Structure formats: structure tokens, C-alpha cells
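*Asks:* Structure below; questions to follow.
The values are calculated or read from the model by the stated rules, or taken from the named source; none is laboratory data. Given the structure is predicted, the values throughout are model-derived calculations rather than measurements. Reconstructed Cβ throughout: ideal geometry from the backbone, glycine too, with neighbour counts over all protein chains shown. The area values use the complete protein model at the heavy-atom level, side chains included, leaving out ligands, DNA and RNA. Shrake-Rupley method; radii C 1.70, N 1.55, O 1.52, S 1.80 Å.
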Amino acid sequence: MTAISVNRKTYEINATEDTPLLWVLRDELGLTGTKFGCGIAQCGVCTVHVDGMAVRSCQMPVGTVGERAITTIEGVGETSAGARVQKAWLDLEVVQCGYCQPGQIMSAAALLAANPDPDDEAIDAAMAGNLCRCGTYVRIRQGIKHAARS
Amino acid sequence: MKRKVILSLAAGAAVLGAAALGLTGWMVFQPGPYAFATGKPIPLSAYHGPSPTGVPAELASAAPAARGAYVAAMADCQACHTAPGGKPFAGGRAFVLPFGTIYTPNLTPDPETGIGKWTDAQFLNAVHRGIAPDGSHYYPAFPYPSYTRLSDEDVLAIKAHLFALPPVKQANRPNTFGFPYNQRWLMAIWSALFNPNERFRPVPEQSPEWNRGAYLVEAAGHCGECHTPRNLMQALDQRAKFGGGVAEGWTAYNISSDKISGIGDWSAQELASYLSSGHAHGRGVASGPMGEAVELSLSHLTKADIGAIVTYLRSVPSVKGDLPALAGPAPATPKLARIDNPVGKRIFEGNCASCHAWTGAGAAREEAQLTGVRAVNDPGGANVALMILHGSGGPTPHRPYMPDFGKVYSNDEIAAVTNYVTARFGTEPSQLTADDIARLRAAN
Amino acid sequence: MPRDPEAMQAGTLSRRAVLRGGAAVLGGLFIGIELPAGRARADEPQAAGAALSAFVHVPAQGRVSLIMPAVEMGQGVYTSQAMCMAEELDVGLDQIEAIHAPPDREHYGHPIFYVQATGGSTTTMAWTEPLRRAGATARAMLVAAAAAEWSVPTSELVTARGVITHPGSGRAQRYGDVADRAARMPTPADVPLKSPEQFRLIGTRARRIDTPDKVVGKAVYGIDVRLPGMTFAALTASPVLGGKVEHVDEAPALAMPGVRQVVVLDDIVAVVADNTWIAEQALRALDIAWSPGANAALDQAQLWADTETAATGPGVTVRKEGDATGKLAAGALVEAAYELPFLAHTSLETQNCTLHVHDGACEIWVGTQVPGYAQAGAAQVLGIPPEKVTVHNHLIGGGFGGRLEAGPIVTATRIAQKVAGPVKVIWSREQDIRQDMFRPLYHNRLKARIENDRITAWHHRVTGPSILARWLPPAFKDGIDSDAIDGAAEPPYALGDMLVEYVRHENGVPFSFWRGVGPNSTVFSVESFLDLIARKSGADPVALRRGLLQKNPRARAVLDAAAAKAGWGTPLAASAFGARRGRGVALMHAFGSLLACVAEVAVTDGGDVRVTKVVVAADIGRIINPDTVVAQVEGGVVFGIATVLHNRITFAGGRVEQTNFNDYRLLRINEMPTIEVELMASTEKSGGIGEPGTVIVQPAVANAVFAATGVQLTRMPLDASLIARSV
Ligand code: FES
Ligand code: FES
């Protein structure tokens, strides 16, 4: 049995080691804020933080997580960058259907934690892996800049 | 693993041209595939060690069906004789050659469209000599110059395996060769020159493991058909054995023991892992034709057989190649001043970085590592481009895979992202153009 | 141009018009839903507080619940619907709770569609009035109850933020305090609504009420439902459209740990397991033999050709004014055909449905635009009365028309029927695309006669399937699909003698509504064709359109606004994205809204297109929440750019060739143009805004590419090889 730390809580996992973290979070731990969209690392809705780095959880076998700290959308509000991004998202009404937004927020929070004042090129580099079918990109970009200033 | 043999008009002309006789002699009279090994090959019947042919010891008492399936997997018939999405062994897979397209025939026991009416003798004649029941000669896209080394028993075990398959009624598609390539009698001449028509001869001075490996590599696995370069007459150039070749547009890399271009600095364990699972940590993932070889053939072999292959491969002398040494780790910062390729970067950050990471170390799983991978450190760039175009093959249970991007990304975009990947993670950037990508698309 | 609702009822042409008429024919729905007094539940003793109508529930304690007839899919309708009710009820948006309406056509049936549905950019058009009335009536009943208690005339009471005050005496009480008594009051008729000057919410940039939960991962979409003891199912349909299961050996799946069950239906194989991943892996391990059936030869080239052939066959006249046929026969003709491919919806939340079938009843947890169809569909599968089916509706992770069908819910019911206990059925992305009901393939042929630089005759023939004939049969009248021809029948322009025809052609590929619906094909074609005419006659595309809008000042104002904002006519700066540059314009009137768009593109030598800037001017009538309107336009533009640049579903050997986002390409943030939106002040009736952005940007981009390359592409999406420099 594997143990992983999610949002500073330790969980014993029943799933096999090759099960993607995404399905452990959603189906086993009930942390459904992290979404499924493609399963092939093309949409980003499953993004979580692994030791602060944005990672597509649909690609990460839970057995490879080890001691590293997982943060999900349910927990990212406790980080400074996460809280600022969430607030900016509301201030600017970024969200439409909202399905992609946990992933967008996780990518954006990881970006801001590493780069407090990202320019457009840095935003592209960090955010281009996150699709939004509702097309909220204009406000995502504004939201990141807004959060950076806050 | 023989996918494609290029038969040029020059080949035919050279056969006939008296002036070329000397050159022809050089090409014809060349060492055998394992002449490099110390010792003197002897007939199998005279060999006293454990048999290098047939199934491995642990399967010796298995049911005949299991043994037949194993030998068929050793020889990897299925990959070529199955069309994409088609029924296994029913043929129809296209191989696009410069002078036309060749379609593999139906090997299921359907009496009309398959091989259901073939006798043992006809089957042996086809596999050992490349001669069809009607007397015509096969193109050496069918690797009979390798298969000729298979023992009669093994060939007939394959036949038994094929005859136990459900028959599939699927007519063979004719090849689309125009004159003069449709002149099959030319193949008789080629065959006389280049098919030794000789069964495997073990080398008693070498270990039993080595001999088993030689049989698996040279007779059944036909590795050289892709990994050994070809001479002017499209025969394998054994003087540059395993120095690298081409398979359906993919570069089949140097697998001689050259330390830089070849596999000389791979550990036995890395080789075994790569062959049996298609992946070795830090070495990349077997893709394209090699991915199929792993999936349909090598992954079905026993540990001991994989070990034998590794032993044999590591004994092959070094053939110096011209590939650069592998580059080291790449930086994590997206923006690198030395790479001016905005289109490539745009595609990479959108479609690639999620798995491969800006460091190229693999974001979430090691199979996605790009640094240290030969294809990425090949300024030719073909394999990276083909991987992007076609992906690593469809999903199979519990195996990661890379999707294909060829359907909606343009030739300019694929060229750009290939050049970006080789620049960022390799030793020397590739310089592919949209035209190069168009050519790769056409080569299957 | 589209006429007013009364004229629409007279049998003319806009889709909305026919539906509205249909709704009236179907029994006076405005009355049916307006304020069903019977819903006041004062007689129910357990009710702490009271349901003052089907839409408003005021509890003794806590927040006022507003029941949302239209489902939230990101379009902001929870907020706009709540604003309408809260405006008249005099509560703050922070004092309310939004609740999904249960399936109940009588009370939540769409005033235009009649069935309970959210779609077609109709929410605002359809619901603004009834919801305001619901709020106003509830307020009137609350005020009446307080007035009776205090024995003062109602006219002396004022309300604000859920509190009733009698300024004269200083007395005050909360709505909750009087709710029970209010519910026993007679329902007043004809409660007056506020005049626009009295609005405090409508027209303001109100905070969305659904978003706070969405940014912290707390919002529950259908796919997030969790039930004790639930299992997880993955499913596959035949790769060949409509193929049937011939044989499947269940053993390889059942041998995998965590697999519970393999469910084999005639057209579907599903694996039920302890988690979604195991189910998916076990499904991959199955070697399923499919019999391909009739579609094995279905091929894209053939589909295009068949439609083109059908387009020359008999059609139905939609609109005929003057003698277009005669004039067109006289020559001076411009002619072109525009073809649009099948498209998938690909909302990021894949199709999913959680069910528990037990004891002759069924519970469904799902996000759907059509809860009523879902209920009926499941009931039919199970052979039980609809009342035995409970639908718990959820947030939708992107609808775009893909959840206007009950098909996936029916499929999931067929699986769940064979499973003990609750089961969540999740479509992989590959299956979501393969099993989608696609935006139909459309063909538009246009002919125009040009005399002295003027268009004197116009013939537009639309060929495609009828979605309405299947989805809302009463709306399919006289052989005309009013959706398919919306945008063709009543373009905003004066085009001389008119002939508009519709050819219904169906080709065996399943089809359904898709963001932008009919106008995606008609507006694209009309606007592309006008640019072709402009080029042939050497006219400027904006000037040409202005000339056709002399009798339509509202449309012309929108066009002018977009052109001015975009700097139409000024030279384009060089772009790093491609040497060839172009600007394109388009105008539309559909969904009750008028939009004009100017797009700028850069085209590489290889033919890759980058949209660099998009300007939209919109007159959508009275605006409820301007910020949401801008967001919808921005999102629609992004949706439309992916459509015109990349998207298509194609068939080969009966198989859908696209699988996932690697080959169904959406726009990414690093491919975005700048987007500028100008909202025109307007006091006209509110129009829809969910779809128009998608519709209008496509012809604008195509026209910009035409301007940049001199090549007009007539089959979407754009094809780089046809505009590569060397060609
Ligand atoms: S679900 Fe992981 S990237 Fe799409
Ligand atoms: S907000 Fe709907 S997908 Fe991004």
C-alpha cells in the first residue's frame, strides 16, 4: 500500500502503483476538484502541484509520487500565490463553465510562485498546456497579471 | 525486422553491366553476418551444445501451439502481415517504396486468399528461398535472406501456428510497381547473388548463450534488415554490420558497439529493458517499427532469450558512425536565448511540455524523457519528426503512449517543433523544412 | 431583417419566431409558467417558509432560494436569471441561493421551446420577463402579508435587501418572518414590474454567483458526483459508426484486479470497476469483434459529394420576393458554394452520467441541458413511469449543444440497468468524440446578379439535415428547418429580388445543435459571398455592406462601430506571424442580436494562419449583465477561431478519424488574438449572446484570409496547402 500526502494530509492508497494520480484523487480520495478532460496531457484540467511544480496528474503514476507533497485546487488557496490567483479570478470574472479553471488556477499559481512578475511570454510558456473550451484566455492572462500585482 | 528494401534501377543495371563486375564481386563476396566472431561455424547437426534453435528450454515441454506461437513471435511475422486496424496476419499492410507500393500477403489459412492450400515444401521454399508456390520470386522486402537461416522445424512450427489461426478471407492487393521493377525474374538473379540459402551454423567456440542470440538476431529477428546499411544492390552491407539503416522513413540507429553512435555504452540491463519493455531509463522509448518489434515480438520472449540477444549484440564489433555524443541535461527556463524558433516553442509549450517538461526530463513519468535519447541527439531529426507525426502507437493497457499530431499540425509546425526539440535537448539542432516533413509523411 | 414577435407568429422565418409561435400554439406557455399559484405550498405543514412560486422559495431562516429553469454551463445565466428575480424581489445577490430546477415541464418548460431546455442563446430572451414577474409577484405577496399584519396599506411599505419596512412607524421585518403567511395570500395578477430607472441590479456588472465555488474546486459537476458504494464504468462503441458487437471474450477484463463486470449491449461494451482507470484499462484489454454494418463504406469524400448532389435536387421555398430566378437567368452572375464540415462539441467535461437503478425506480445525477428528455429517455429504457425517474441536475462543464441530447443518458441507463448499485459512467475523450452527435455538414450555394455595381437578385440555397424535425417536431413546419435557414432567410441587407430555399438532406451521421447553430453555416456563407462580390466588383467590403444597409440603420450603426474601432482602411502593420496580412469584416443579425466583427490575420508562406486581432461591436438590446456579455463574446470568438482554422470531423471506412485533442485542435492561450468588444447602448428587447461570437468571427477570419492571400477557401476549415505561397 502506498501513502501520499495531499494538501498536507497523508492518505493510504489502495490503487495500484501505476494508477494515475488523477484517478486516485478523484475516485479514491473524493477530491473531485481536479478534473479529467483528455487523459493524454493535452488539456491540463487535471493539473496539480507536485512539490510546487504544475504537473498533469493524468500522467503521473501514483507509485512515483513518493514523499513529494501534492497540492490540489482544494488546497492551493492556502498558498499565497494560489489565494491571489483565486481572488483575481473572481475579481475579473474569469470563469465561465469553470471546468478547466482548477487546472488553469493550478498552472497560474505555480507560475506566480516561481515568477512573481511574469511577462506575456512567461504566461504563454506556463499556460499553453491548459485548454479552455469556453475561451476565457483573455481574462486568464489579465487574471495572472492582476494576481501578480496584488 | 525487414520493412523496406529499395530496389533501384541501378541495381538491375549493375547486375548486367560487365564493367561493374568488380564492384559486384565486392558486394556479393562479403563476410557472413557473424563472421566477426572467433571460431568456425559448423552445421547445426554437428553442434553439441544446447540447441540454439526452437523454443527456449523452459518451453520445451509446452503444448505445440504455445511453441508455434513463440517461434512466430521470434520471427515477428505479424507486424508486417497485418494492416493497420486489420485482422492479424491477414496482410494488406502497405510499404511505400520509391518505385511503388508493396502490400503484404494474407498468411491466414484461408484456402483462396490465404495460404490454406500450401504444402510444407512450398512454405519452406518461400521462407528459405523467397520463391512462391507458382515459382515467382518475392521481393526481398520479405526478409528471406535472413529467414533462410531458420531451421526447417522452426519454419514448420510457424506454419503450424499460422494454420491454426482463424482463416480470414481477404484478397491480396497487387503491388503497384511499374516497369522495370515489376520484372520479378530480376529477383531470381538478386536472390542467387544475395541469398545464401543456408541454415544457421553455430560457432562452437562461442558460448551457448551467444549462439542462441545469434540465431534470434540473425535468423528469426532479422535485426540487420533495418539496422545494417545496404549496398548499391540493396543487399545488406555486412562490412558495416549494424552501422544503422532506414525503416519506413525512420532511422534505424547504429546498434554496433560503437560507444558514441552505437550501443557501446549501454549496460546489459539497459539493453534488456529496452528490448523487452520498449523503454530503458534515460534511453527513450522504442517507437515506430522498433516499437512494433517490441510489442509483437521481443516483449513475448523469455528473459533468457532477451539475455542471449544482449550477449550477442554486445559482441558485434564497433562500426563508427557520425552521430554526435549525447547532450547533457537541459535547463528548466522556457526561454533560451540561443534558440530562435518561436513557432517551435509555441507548439512545444502547448502540446509537448506537459509531458516532457522544459527540462526534457519528463514531467510526470520517465518514459517521457527527451534528454539522452538518441533520436533527439540526431541532427537528422527524422525520428523525432516521425514520432510527432505518428505518435508511439495506440493505447494498450497499462502502457503510456504518445499521441500523434500529424493530422492537424502543418508541415511547417512539425518541422519547427522538431527543430526546437533537437535544439533544446540534443547536441545539434535539426534543420528540417516543411518539404522534409512532407517526404516523411509520404514514407508511411 | 428579423421582424418583431408578432410578425414572427404570422408564419415568417426566423427560427426563434417559429418557436415562439409554436409555443403559443402549444397552449399559452407564458401563462402556464408565469406564476403557478398552485405551487404555493402553505398547506404543507413541514414547510419552514414557503415556496412563493415555482421559482422563489423564501424560508423562515436563511437564504432565499431561486430555482433556475435554465442550467448553468458557463454562460452566466445563474447570475442573470437571479438578477432578474432578485431585482424585482428586492434581495441582494449575496442573499440568495441558486438551485437547479428538477424536470418539470409544466413549471420550468422553456417559454419558447416548450420543452425544458437551455440552448440557442434563448435564456435571456425567454426567461427575463417571467422571472422578473416571479420575483415581483413574490415580493407583492410578502408585502401584502406584512401590510395585513401591521394593518397599513401596502403602498406605505418599502422593501430592500429582503427586509420590509414601514417608514412611518419604523417597523421592519425580514421576508422570512412573513413567508408562511405570504404563501397563504391569494396570488395577485398583473403585478407591475419596475421601470428601467428603478433597476439597481439589471444592467450592472454583478458578480457571478456560481463562480466562488468553481475557483476552489468545490463546485460539483455531473462528473464529480459521488455516492456510497458506487462503481465506475468505461465504455466503447464500435469504431465504425453504428456497428454492433459481434463477439467479445470478457475473460481478459475480468482477470484484471478491480474489475467487477463486463456489460455487453448490442452496440456498446462497458467495463465496471473499482475506479475509472481500471475500467479504462480493462476495456483496452478486450478484443472486441464488431460487425461494422451499413456504414463500413462511409467516406468523407462521398459525404461531401452526396451533399453537393443533394444540393442540386428539389428544395423547399423559404422566401420568395420578386423574380430572382428570372433575373439570375439573365446573367451577370456571381456564384459560389460554401461547405461546412461535421464538428464535435468537445466540451472539456466529457459525457458522463451516474445512475442508481433499483426497485422499479431510477435516480440520475447528471449535468444536462434537457432534464425532461433525460427523465423520459431513462424511463423508456427501464419501462417505468417518468415519475419514477429522479433527475438531479448539475453544473455543466461546457454545453455548446452537446448536452441538449439525452442520448448519452439513455446509453448510461442501459448500462446501469445491468449493474447492482450506483454506477458512474464516464466517456473517455476518445469515446466522447466518437459517440458525439455532430454539428451537421452543410452546403450553401449562393448566386447573385450584379447590375451597375448593385445586387439586384439573390438566391441562397441551404442544404443540410433538419435538427428540429427530430428535436422539436412541432417547429419543423412545411418542410422548413427554421434553424438551418436562420441567417439566410432574413439577412440584414437589401439584396434585391430574393429566393431562399432549403434542401433537407440527411446522410446517416448523427447530428445535433452546436454553438452558433444554423447561422454558423448561413452567416458564414452570406458574408463570404459578399466579400467575393466585393472583390469581383472592386468594392471595399465595408462600403459594399453599408450600401446594402440603407434601410437598416441599427445594423449599419453596428457595422460602422466595428469598422471604426478596428481602424478599417488603415494599413496593417507587419507581423512576426506571417508576411501576408489581411483584414476581414462580417455582420450578422440572429438570436435577436446584431453583431459586426473585423478580424486581422497574418498568413505564413506555408499557409498557416494566425488571427492577430478581433474587434466585435454588438447591439444585443437591453443588457442584463454587461460583463457576462463581453465574456460570452470573447469566448465565442475563441470557439469560432478554432472552428474556422482547425476543426473538422471526418469519416474513413465508417470511422470517425479524430480521437482527442491531439487531432481535434482547440485554440491555446499562446495562439490568441487581442479581442476588443464594444457593446452598443440599446433599449431594444434583449437578444441572445451565447452563440453570436462564434458565428461572426468565422466569416470575418475567412474574409481576412481572402484579403491576405487572394484565395477564398470555400470548404472549412481553412486548408494551409491551398494558401501556401507556392500555389
Ligand atoms: S486530463 Fe490530464 S491533461 Fe487532460
Ligand atoms: S471555463 Fe469552461 S472550459 Fe474553461
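*Asks:* Can you give me the accessible area per residue for chain B, using a 1.4 Å probe, in Å²?
*Replies:* Ligands and nucleic acids excluded, the result is 41 Å² per residue.
*Asks:* Mind listing which trypsin sites (Lys or Arg not before Pro) in the stretch C:412-484 are in a DSSP loop and have 16 or fewer other Cβ atoms within 10 Å?
*Replies:* C:Lys418
*Asks:* Follow-up. As a test of the definition: which semi-axes, in Å, follow for the protein assembly as shown when you take the square root of five times each eigenvalue of its alpha carbon gyration tensor? Largest first, please.
*Replies:* 62, 36, 29
*Asks:* Cα gyration tensor of chain A, axes a ≥ b ≥ c as square roots of the eigenvalues: rounded (a/c below 1.5), prolate (a/b > b/c) or oblate?
*Replies:* Taking the square roots of the gyration eigenvalues as a ≥ b ≥ c, chain A is prolate.
*Asks:* Moving to a separate point now. To check my understanding: the extent here is largest minus smallest coordinate of the Cα atoms along each principal axis. What are those three numbers for chain C, in Å, largest first?
*Replies:* Cα extents, longest axis first: 81, 71, 50 Å.
*Asks:* Take every residue in peptide C:629-640, count the Cβ atoms of other chains within 10 Å of its Cβ, and give the average of those counts.
*Replies:* Mean partner-chain Cβ count within 10 Å for C:629-640: 4.
*Asks:* Taking loop as defined by DSSP and a crowding limit of 14 other beta carbons within 10 Å, which trypsin sites (Lys or Arg not before Pro) in the stretch C:516-624 fit?
*Replies:* Answer by residue number: C:Lys551.
*Asks:* Give a quick list of trypsin sites (Lys or Arg not before Pro) in the stretch B:282-374 that DSSP marks as loop, anything other than H, G, I, E or B, with at most 10 other Cβ atoms within 10 Å.
*Replies:* Those satisfying the criteria are B:Arg338.
*Asks:* Using 26 Å as the Cα-Cα cut-off, could you pick out the over-long pairs in B:Lys87/B:Lys159; C:Lys218/C:Lys424; C:Lys327/C:Lys551; C:Lys194/C:Lys551?
*Replies:* Listed pairs above 26 Å: C:Lys194/C:Lys551.
*Asks:* Which residue, chosen from C:Gly518, C:Ser155, C:Met716, occupies the Cα position most advanced towards the positive end of the dipole of chain C, where the dipole is computed from +1 (Lys, Arg) and -1 (Asp, Glu) charges on Cβ about the Cα centre?
*Replies:* Farthest towards the positive pole: C:Ser155.
*Asks:* Over the stretch B:61-118, what is the relative contact order in whole percent, taking alpha-carbon pairs under 8 Å and six or more residues apart?
*Replies:* Relative contact order, the stretch B:61-118: 20 percent.
*Asks:* Continuing with this model, one more query. What value, in deg cm²/dmol to 500, does the helix sum -39500 (n - 2.57) over DSSP H runs of n ≥ 4 give at 222 nm once divided by the residues of chain C?
*Replies:* After summing the helix terms and dividing by residue count, I get -9500 deg cm²/dmol.
*Asks:* Between B:Ala268 and B:Lys320, what length comes free when the chain is fully extended (0.36 nm per residue of separation minus the Cα-Cα distance, one decimal in nm)?
*Replies:* Full extension of this stretch gives 16.7 nm more.
*Asks:* Taking the Cβ-Cβ separation of B:Ala121 and B:Ala35 as r and a Förster radius of 35 Å, what is the calculated FRET efficiency to the nearest 0.05?
*Replies:* It comes to 0.70.
*Asks:* Oh, and also: Can you give the accessible area of C:Ser155, probe radius 1.4 Å, in Å² rounded to 10?
*Replies:* 100
*Asks:* Still on this structure, I have one more. Just need the relative contact order of the stretch C:415-573 here, percent rounded to a whole number, with Cα pairs under 8 Å and 6+ apart.
*Replies:* It comes to 22 percent, rounded to a whole number.
*Asks:* Can you give me the % of accessible surface on the protein assembly as shown that is carbon or sulfur? Probe 1.4 Å, all protein chains present, nothing else counted.
*Replies:* 55
*Asks:* Could you state how much accessible area C:Leu572 has, in square angstrom rounded to the nearest 10, with a 1.4 Å probe and all protein chains kept in place?
*Replies:* Roll a 1.4 Å probe over it and C:Leu572 shows about 50 Å².
*Asks:* For a test of the definition: using alpha carbon positions, the gyration tensor, and the 1.5 limit on a/c, classify the stretch B:357-420 as rounded, prolate or oblate.
*Replies:* Here the stretch B:357-420 falls in the oblate category.
*Asks:* Further, regarding this structure: Straight-line reach from C:Lys477: which lysines have a Cα under 19 Å away, not including same-chain ones fewer than 8 places off?
*Replies:* C:Lys320
*Asks:* Taking the alpha-carbon distance from B:Lys320 and a cut-off under 16 Å, which lysines remain once sequence neighbours fewer than 8 residues away in the same chain are dropped?
*Replies:* Counting by Cα, and skipping residues close in sequence, B:Lys320 has these lysines nearby: B:Lys241, B:Lys259.
*Asks:* Taking beta carbons within 10 Å but only from partner chains, what does the mean come to for residues C:670-678?
*Replies:* 4
*Asks:* Let's see if you can work this out: charge +1 on each Lys and Arg Cβ, -1 on each Asp and Glu Cβ, no other charges. What is the dipole magnitude of chain B about its Cα centre, in debye to the nearest 20?
*Replies:* Its charge dipole is roughly 220 debye.
*Asks:* Once Lys and Arg get +1 and Asp and Glu get -1 on their Cβ, which of A:Pro20, A:Ser5, A:Cys38 lies farthest toward the positive end of the dipole of the stretch A:2-71?
*Replies:* Of the options given, the answer is A:Cys38.
*Asks:* Separate question: What aspartates and glutamates could a cross-link reach from C:Lys244, if we take a straight Cα to Cα line under 12 Å and drop same-chain neighbours fewer than 8 places away?
*Replies:* Answer for C:Lys244, where 12 Å is the Cα cut-off: C:Asp266, C:Asp267, listed by chain and number.
*Asks:* Here is a follow-up. What distance in nm separates the simple spin-label points at C:Thr683 and C:Thr165, each placed 7 Å from Cα in the Cβ direction?
*Replies:* Reported label-point gap for C:Thr683 and C:Thr165 is 3.0 nm.
*Asks:* Counting pairs of alpha carbon atoms under 8 Å apart in space and at least six apart in sequence, what relative contact order in percent does the stretch A:76-149 give?
*Replies:* 44
*Asks:* Roughly how many whole Å is it from the C-alpha centroid of the stretch B:207-227 to that of the stretch B:269-296?
*Replies:* Taking the Cα centre of the stretch B:269-296 as reference, the centre of the stretch B:207-227 is 17 Å away.
*Asks:* What's the extension gain from B:Ala188 to B:Glu112 if we count 0.36 nm per residue and subtract their Cα-Cα distance?
*Replies:* So the extension gain works out to 24.8 nm.
*Asks:* Please return the longest range in chain A lying between exposed loop sites, taking GluC sites (Glu not before Pro), DSSP loop only, at most 15 other beta-carbon atoms within 10 Å, and leaving the sites out.
*Replies:* My reading of the result: A:68-150 is the longest stretch.
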